[in-house]
Amino acid sequence: MTRAAARPRGTLHFWQDGVAFVGTDVVNDPHRHFTASLAFTLSRPFRARFDEERWRAMHGMLVAPNARQQMDARGCRVVIFQIDPESGAYAQVGGLFAQRGRVVELPASLVARLRAGAEALLARVDFQAAALWSFVLGEVQGGAQPLRVDRRVARALELLKRELPRRTDVATLAAVVGLSPSRFVHVFNGQVGTSLRRYVLWLRLRHVVFCLAAGRSLTEASYDAGFADSAHLCRTFRSMFGLPLSALFRSRGVKVVVTPPTEPPSGPHAREDRERWAVVAAERARRRSSPHAA
């Protein structure tokens, strides 16, 4: 199989607290994104590289937000989590970056425990990705180190989420939090770890996932999330994850499993996600009641 022909095969799980992929043949281009990546193999080692260093064989890794990374897991069955730095889940593992750097290679003994526990959970007929998520994070514990921002940046983050998909420019945000535009950009980049533009694109991608889960087309999801068009969305996704959007969503090789919360959403996006999950639930109910629904 050539590198160009490799496409992921497996299941993409999406629920309130996270995103998980379980499957094979993840081969991506160099990329960076706002989330931390946690990955481990259920079979033979995968290959990974970071920045411009050489490829190395790995059984498990934890990669910091915004670190340049690339994976070649052809023929490897892997579990991959994306962990939002604003979440409580990140606080469980974030301390490892302070202790061991931006790329943490998981010890063989830990990977063995993760593999055994994951296989047991995946074999259950009532498998829930949230259970696997809780198990893995509990094993990887790295000391609490959540994303820490001061009240001005926290206010800006709140405003960005509330106003999405409308555009909120730097001058407006700076005025709201009482800083000059240049000072605001400096403080935001330093505390959030990415540029304002990249952070907003991450918020837009989150919204797209909800739109797709609600049955909207790629074009509809693009506009609803504030992208110029579907081509802009696809370019953004590829720059952040090193894969075409079609490799994971609307792919014959990847099944997407969406699990709505059974309780009101919590966490850093709770207020906005309540409405998003309500839309997903309404669309699911419509499809169940209509035999002709797509």
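The values are calculated or read from the model by the stated rules, or taken from the named source; none is laboratory data. If you're wondering where the values come from, they're calculated on a predicted model, not measured in any experiment. Cβ coordinates were reconstructed from backbone atoms using ideal geometry, including for glycine residues, and neighbour counts include every protein chain displayed.
What single numbered condition from (1) out of contact with any helix residue (DSSP H, G or I) (no Cβ under 6 Å at 6 or more places or on another chain); (2) part of a helix (DSSP H, G or I); (3) outside the structural domain of Ala36 (by TED's automatic domain parsing); (4) not small (Gly, Ala, Ser) fails to hold for Leu179?
Unmet for Leu179, out of (1) out of contact with any helix residue (DSSP H, G or I) (no Cβ under 6 Å at 6 or more places or on another chain); (2) part of a helix (DSSP H, G or I); (3) outside the structural domain of Ala36 (by TED's automatic domain parsing); (4) not small (Gly, Ala, Ser): (2).
Residue-wise test of (1) at pLDDT below 90; (2) more than 22 Å from Ala156 (Cβ to Cβ); (3) under 18 Å from the mean Cα position of the chain (by Cα).
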site	(1), (2), (3)
Phe184	no, no, no
Gln191	no, no, no
Ser230	no, yes, no
Pro268	no, no, yes
Glu275	no, no, no
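For region 14-29, give me each residue that is at pLDDT 95 or above, outside any strand (DSSP E or B) and among the acidic types (Asp, Glu).
The answer is Asp29, and nothing else.
When the residues of region 206-228 are filtered to those that are more than 18 Å from the chain's Cα centre (by Cα) and outside any loop (DSSP other than H, G, I, E, B), which remaining residue is nearest to Ile80 (Cα to Cα)?
Here the residue is Leu218.
Within region 187-197, count every residue that is among the basic types (Lys, Arg) and surrounded by 19 or more Cβ atoms within 10 Å (Cβ to Cβ).
In the first step, residues of region 187-197 are kept if they are among the basic types (Lys, Arg); the result is 197.
After this cut, where a residue has to be surrounded by 19 or more Cβ atoms within 10 Å (Cβ to Cβ) as well, the list is none.
So the answer is 0.
Among the residues that make up region 50-58, is at least one of them in contact (Cβ under 8 Å) with a residue 24 or more places away in the chain, touching a Ser or Thr at 6+ places or on another chain (Cβ under 9 Å) and assigned to a strand (DSSP E or B)?
Just the residues of region 50-58 that are in contact (Cβ under 8 Å) with a residue 24 or more places away in the chain, to begin with: 50, 58.
Applying the additional criterion that residues be touching a Ser or Thr at 6+ places or on another chain (Cβ under 9 Å) yields 58.
The next check asks that each one be assigned to a strand (DSSP E or B); those that pass are 58.
Within region 50-58, one or more residues are in contact (Cβ under 8 Å) with a residue 24 or more places away in the chain, touching a Ser or Thr at 6+ places or on another chain (Cβ under 9 Å) and assigned to a strand (DSSP E or B).
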